[in-house]
Amino acid sequence: QVQVVESGGGLVQPGGSLRLSCAVSGLIFSRYIMAWYRQAPGKQREMVAGITNSGITDYAESVKGRFTISRDNAKSRVYLQMNSLKPEDTGVYYCKVIGMIGWGQGTKVTVSS
């Protein structure tokens, strides 16, 4: 059974940084494209960043230059380094195994002074 566990969220001031982590189990992690999504209050879930199994990355325009996605295939983990955070980055962040059904519980990020 595939399990996805996100962590690292919290309350941060505008301009601050957070690093999200996602632990994946139950599959051969290195074979899958991974992505981070977020859902802001009252809005639809949107993709923030993605990374292929070979390390090619892609980002939503709203986070380019501020967020960095990375992965460690040996540890079956994917990360999201978030810098220069803005209030509009507030939301619940989810790690997604592309091609797999279902979501983890997410980790909440609040950017506020």
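What residue, among those in region 56-70 that are under 15 Å from residue 38 (Cβ atoms) and part of a loop (DSSP other than H, G, I, E, B), is most open to solvent (accessible area, probe 1.4 Å)?
That would be 64.
List every residue pair whose Cβ atoms sit under 6 Å apart, with the two residues 6 or more apart in sequence or on different chains, where the first one lies in region 1-27 and is more than 19 Å from residue 84 (Cα to Cα) and the second, anywhere, is charged (D, E, K, R) and open to solvent by less than 30 Å² (accessible area, probe 1.4 Å).
22/6
Contact list please: Cβ distance under 8 Å, first residue in region 91-113 and at positive phi and without any contact (Cβ under 8 Å) to a residue 60 or more places away in the chain, second residue assigned to a strand (DSSP E or B) and surrounded by fewer than 20 Cβ atoms within 10 Å (Cβ to Cβ), pairs at least six apart or on different chains.
91/39; 91/108
Restricting the search to region 91-113, which residues are open to solvent by less than 30 Å² (accessible area, probe 1.4 Å) and outside any strand (DSSP E or B)?
104, 106
Considering only residues that are under 12 Å from residue 94 (Cβ atoms) and open to solvent by 20 Å² or more (accessible area, probe 1.4 Å), which ones fall in region 29-39?
Result: 37, 39.
With 53, 73 as the choices, which residue is open to solvent by 40 Å² or more (accessible area, probe 1.4 Å), modelled with pLDDT under 95 and more than 28 Å from residue 112 (Cα to Cα)? Can you show your working first?
Values: 73 fails: modelled with pLDDT under 95.
It is 53.
Residue 78 is checked against (1) within 17 Å of residue 107 (Cβ to Cβ); (2) surrounded by fewer than 19 Cβ atoms within 10 Å (Cβ to Cβ); (3) touching a residue at least 24 places away in the same chain (Cβ under 8 Å) and fails just one. What number does that condition carry?
The number of the failed condition is (2).
The values are calculated or read from the model by the stated rules, or taken from the named source; none is laboratory data. Since we're looking at a predicted model, the values are computed, not measured. Cβ sites come from the backbone with ideal geometry, for glycine too, and all protein chains shown count toward neighbours. Surface accessibility is based on the protein's heavy atoms, side chains included, excluding ligands, DNA and RNA. Shrake-Rupley method; radii C 1.70, N 1.55, O 1.52, S 1.80 Å.
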